[in-house]
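Asker: Here's a structure for you.
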Amino acid sequence: MRRALHALWALGCALLLAVPLLGCRREQAQTPAEQAGRPTVRIVAYINVSSGCQEPTIKLLRQLEEQHPDRVQLEVVDFGDEGEGNQRWKSSGYDCMTIEIDGSPLARFDVAGKPKTVALRQPVGFWWTHEDLRTAVAAAVDGSLQRGTEEGAIAGQPSRKIKANVVAEEVKRDGRTSGRVLINERPAMLIRVASGKASPGERAELAARVIRDWLKNPVKPDEIDREQVPGGWAVRVKGQVVAVATPTDAKAAGGAADQVAKRWLVGIRQGIAIAARPAENASGTSPEKPEEEGCETGG
């Protein structure tokens, strides 16, 4: 009898010990800590905040972080600060405005059941849209975002017809006459000196003509580039030379020829990117017009 009572007592103790343990396991499976254990989506945005010309994109990024406070971590690197942000941007290897999601600007996600790859580089409107950014972040939050490829991003961007008014004008300052190229009234290129027999105004007119000819057909964002040529650095659109930044241009600008070419390229790129997104102005707000050198977004 004593043996039977002892056995029952031991069994009861075992059950009493087991119940709390089972209860703890069930409770742990439902804790918010486990839910919060999903990886944080890290966004690093290399943007020239100081210029003010990318404010809509910065605003959207901050909204996305606010929408997912426990999942999205945003860091904006201002490469226009002439300090730590600029140095970090240069050391990143990028040469233009870039947004990384979990370490890469190449994002692959599904849209209406079909995969899409975008490169979150350069100003919004040409390589990508704000809706692409929203979708990519949402995919990252739910764990479905994939890392895309450069080839996929290029293939995913069909040639587009861009409507833009490209004109040249002469600008007189301090007794000097410069040539300027404007894209939809936005300054894209400032040419300070003559080259050969062409005056600054004539060089600007020739550059505007090349850009206008390029825009007669559908274009792609990777068709704007620069390369070193005999006599300086050339800015090109689909292989056609828009203008060559010479040592004389560099001296007039107080820098190097490749940097002058970079500013021209950035100005063209920025103007075309904004022209590619007319819907951005539907709310009645229009992008800021930069000063003569254009809004710096990198080269």
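Asker: Pick from 70, 110, 78, 102: which is farther than 22 Å from residue 154 by Cα, among the acidic types (Asp, Glu) and in contact with a helix residue (DSSP H, G or I) (Cβ under 8 Å, 6 or more places away or on another chain)?
Answerer: Sole residue among the options that is farther than 22 Å from residue 154 by Cα, among the acidic types (Asp, Glu) and in contact with a helix residue (DSSP H, G or I) (Cβ under 8 Å, 6 or more places away or on another chain): 78.
Asker: For the range 217-232, indicate whether the set of residues that are in contact with a helix residue (DSSP H, G or I) (Cβ under 7 Å, 6 or more places away or on another chain), buried (at least 18 other Cβ atoms within 10 Å of the Cβ) and more than 22 Å from residue 124 (Cα to Cα) is non-empty.
Answerer: Yes, the range 217-232 contains a residue that is in contact with a helix residue (DSSP H, G or I) (Cβ under 7 Å, 6 or more places away or on another chain), buried (at least 18 other Cβ atoms within 10 Å of the Cβ) and more than 22 Å from residue 124 (Cα to Cα).
Asker: Any residue at all in the range 222-229 that is part of a strand (DSSP E or B) and assigned by TED's automatic domain parsing to the domain that holds residue 104?
Answerer: No, because not a single residue in the range 222-229 is part of a strand (DSSP E or B) and assigned by TED's automatic domain parsing to the domain that holds residue 104.
Asker: Can you tell me which residue within the range 99-115, out of those that are among the charged types (D, E, K, R) and surrounded by 18 or more Cβ atoms within 10 Å (Cβ to Cβ), is farthest from residue 56 (Cα to Cα)?
Answerer: It comes out as 108.
Asker: Let me ask something else. From the list 85, 125, which one is touching a helix residue (DSSP H, G or I) at 6+ places or on another chain (Cβ under 9 Å), under 28 Å from residue 191 (Cα atoms), not assigned by TED's automatic domain parsing to the domain that holds residue 192 and not aromatic (Phe, Trp, Tyr)?
Answerer: The unique qualifying residue is 125.
Asker: In the list 116, 161, which residue meets the criterion of being farther than 30 Å from residue 195 by Cβ, touching a Gly at 6+ places or on another chain (Cβ under 8 Å) and not assigned by TED's automatic domain parsing to the domain that holds residue 245?
Answerer: Only one candidate qualifies: 116.
Asker: Take the conditions small (Gly, Ala, Ser) and either farther than 23 Å from residue 177 by Cα or touching a strand residue (DSSP E or B) at 6+ places or on another chain (Cβ under 8 Å) (or both) and apply them to residue 204. Does it pass?
Answerer: yes
Asker: I would also like to ask the following. Name the single residue that is nearest to residue 266 (Cα to Cα) among those in the range 126-163 being of a type in the set (Asp, Glu) and in contact (Cβ under 8 Å) with a residue 24 or more places away in the chain.
Answerer: So, considering only residues that are of a type in the set (Asp, Glu) and in contact (Cβ under 8 Å) with a residue 24 or more places away in the chain, the one nearest to residue 266 (Cα to Cα) is 150.
Asker: Those residues that are surrounded by fewer than 16 Cβ atoms within 10 Å (Cβ to Cβ) and in a loop (DSSP other than H, G, I, E, B), I need them from the range 144-186; list them, please.
Answerer: Scanning the range 144-186 gives 144, 149, 158, 159, 161, 163, 165, 174, 175, 185.
Asker: Assuming residue 216 fulfils every condition listed in (1) in contact with a strand residue (DSSP E or B) (Cβ under 8 Å, 6 or more places away or on another chain); (2) not in a helix (DSSP H, G or I) apart from one, which condition is it?
Answerer: Tallying (1) in contact with a strand residue (DSSP E or B) (Cβ under 8 Å, 6 or more places away or on another chain); (2) not in a helix (DSSP H, G or I), residue 216 fails exactly one: (1).
Asker: Which of the residues spanning the range 60-75 are over 15 Å from residue 132 (Cα atoms) and outside any strand (DSSP E or B)?
Answerer: 62, 65, 66, 67, 68, 69, 70, 71
Asker: Just checking, does the range 97-115 include any residue being among the basic types (Lys, Arg) and either closer than 22 Å to residue 267 by Cβ or in contact with a Lys or Arg (Cβ under 8 Å, 6 or more places away or on another chain) (or both)?
Answerer: Yes, the range 97-115 contains a residue that is among the basic types (Lys, Arg) and either closer than 22 Å to residue 267 by Cβ or in contact with a Lys or Arg (Cβ under 8 Å, 6 or more places away or on another chain) (or both).
Asker: Quick check on the range 235-288: of everything there that is assigned to a loop (DSSP other than H, G, I, E, B) and under 20 Å from residue 215 (Cβ atoms), which residue is modelled with the lowest pLDDT?
Answerer: Among residues in the range 235-288 that are assigned to a loop (DSSP other than H, G, I, E, B) and under 20 Å from residue 215 (Cβ atoms), the one modelled with the lowest pLDDT is 287.
Asker: List, please: which pairs have Cβ atoms under 6 Å, are six or more places apart or on different chains, and start with a residue in the range 237-249 that is among the basic types (Lys, Arg) and end with one that is crowded, with 19+ Cβ neighbours inside 10 Å?
Answerer: Matching pairs, first to second residue: 238/214.
Asker: Pairs needed: first member in the range 208-229, touching a residue at least 12 places away in the same chain (Cβ under 8 Å); second member anywhere, surrounded by 14 or more Cβ atoms within 10 Å (Cβ to Cβ) and among the basic types (Lys, Arg); C-beta distance under 6 Å; at least 6 residues apart or different chains.
Answerer: 214/238; 223/238; 224/269; 225/236
The values are calculated or read from the model by the stated rules, or taken from the named source; none is laboratory data. The model shown is predicted, which means the values in this text are computed figures rather than measured ones. Backbone-built Cβ (ideal geometry, glycine too); neighbour counts: all protein chains shown.
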